[in-house]
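Here the structure is laid out as C-alpha cells; the discussion comes afterwards.
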Amino acid sequence: RGHFDEMILLAGVALPVCRLAGDREGEGWAQYLLGLAVMLPGRSNEAIEPFQKAVALFRESGASHGEAMALTLLTTALTGAGRLKEAEEVHQRALAVYRETGDRSGEGQAMGIDAMRLGRTGQDVEAAATLRWGLSICQETGDRFGEGRMLGLLGLVQCRGGQQRQGVESLEQAIMVFREIGDRRVEGEIQCDLGEALVRMGRFTQAVQALE
C-alpha cells in the first residue's frame with residue numbers, strides 16, 4: 001500500500017506544478033499516474049475520473065501516445081467497475097488512436113484489455129478470438145511480455161470454456177515465454193494457473209510438478 005500512496009503523493013505534487021507552468025501534457029501524465037495508483041489496488045471506480053481527465057489533457061496537448069495509453073487504462077477501470085458498455089466504446093476510441101499513429105504494440109495490448117471485458121460478459125469465444133489477434137500483433141512486433149500475457153489469458157479463457165487441453169498448452173507456452181525473458185514473478189503466477197487447470201482435469205501429479 002505504501003508504494004501506491006507514494007504514487008498518489010507524487011501526482012498530487014506534480015499537478016499544481018504542471019498547472020502553474022501551463023504544461024498540459026505534464027498535467028495529463030500526473031492524472032494518469034493518479035489513476036494508476038488508485039486502480040492497481042482495486043479501486044476501479046476512483047480511477048475513472050483521473051483517466052478521463054488525462055485523456056482530455058493529452059488530446060488538448062496533441063500527445064497521441066499518452067491519449068491512447070490513458071484510453072486503454074480507462075477501459076480497464078470501466079471494466080473493473082462493471083461499466084462494460086462504456087468500456088467497449090472507450091476501447092474503440094483507443095484502437096482508433098493506436099491505428100492513426102501506427103502503434104501496433106499498443107494496439108496489441110489494447111486487445112488484451114478488451115478480452116477481459118468480453119470475458120466479464122461471458123463472451124469467451126469472442127474473448128479467445130480477440131486474444132489470438134492480440135497475440136499475433138505481439139509476435140509481429142516482438143513484444144515478448146505481451147506475447148506471454150496474451151497466451152496466459154488465452155489459456156484461462158480456453159479452460160473456462162471447456163477447452164482444457166488447449167488451455168493447458170497455452171499456459172505452458174506462456175510459462176516458456178516468461179522463463180525466456182526472465183520474468184520469474186509472472187512465470188510463477190501462470191504456473192499457479194496451470195496447476196489449477198491440471199487439478200480440474202484430474203492430472204494431479206502434473207499439477208504438483210507445475211507448482212513446485
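Over the chain, accessible surface divided per residue gives 50 Å², non-protein components excluded, 1.4 Å probe.
Each of THR75, ALA21, LEU95 was scored by the projection of its Cα onto the charge dipole of the chain, and the greatest displacement toward the positive side belongs to THR75; charges sit on the C-beta of Lys, Arg, Asp and Glu. How would the stretch 1-93 be classified by its alpha-carbon gyration tensor: rounded, prolate or oblate, with rounded meaning a/c under 1.5 and the a/b versus b/c comparison settling the rest? Oblate, because a/c is 1.5 or more while a/b does not exceed b/c.
Each Lys and Arg contributes +1 and each Asp and Glu -1, all at the Cβ; summed about the Cα centre of the stretch 1-107, the dipole is approximately 140 debye. Each Cα pair under 8 Å and six or more residues apart adds its separation to the average, and for the stretch 64-145 the resulting relative contact order is 27 percent. Answer rounded, prolate or oblate for the stretch 52-124, using the Cα gyration tensor with square roots of eigenvalues a ≥ b ≥ c: rounded when a/c is under 1.5, else prolate when a/b is larger than b/c, else oblate. Oblate, because a/c is 1.5 or more while a/b does not exceed b/c.
Can you classify the stretch 88-212 as rounded, prolate or oblate using the Cα gyration tensor, where a ≥ b ≥ c are the square roots of its eigenvalues, rounded means a/c under 1.5, and otherwise it's prolate if a/b beats b/c and oblate if not?
The shape class here is oblate.
Here the chain is treated with +1 on each Lys and Arg Cβ and -1 on each Asp and Glu Cβ, and its dipole about the Cα centre works out to around 400 debye. Only protein atoms count toward the accessible area here, which uses a 1.4 Å probe; on the stretch 1-154, the carbon and sulfur part of that area reaches 56 percent. Reported to the nearest whole Å, the Cα centre-to-centre distance from the stretch 84-118 to the stretch 123-187 is 18. Averaging Cα coordinates gives a centre for the stretch 190-212 and one for the stretch 27-83; these two points are 36 Å apart.
The values are calculated or read from the model by the stated rules, or taken from the named source; none is laboratory data. As the structure is a prediction and not an experimental result, all values here were calculated from the model. Neighbour counts are summed over all protein chains in view; Cβ atoms, including those assigned to glycine, are modelled from backbone coordinates with ideal geometry. With ligands, DNA and RNA removed, areas are computed over all heavy atoms of the protein, side chains included. Shrake-Rupley method; radii C 1.70, N 1.55, O 1.52, S 1.80 Å.
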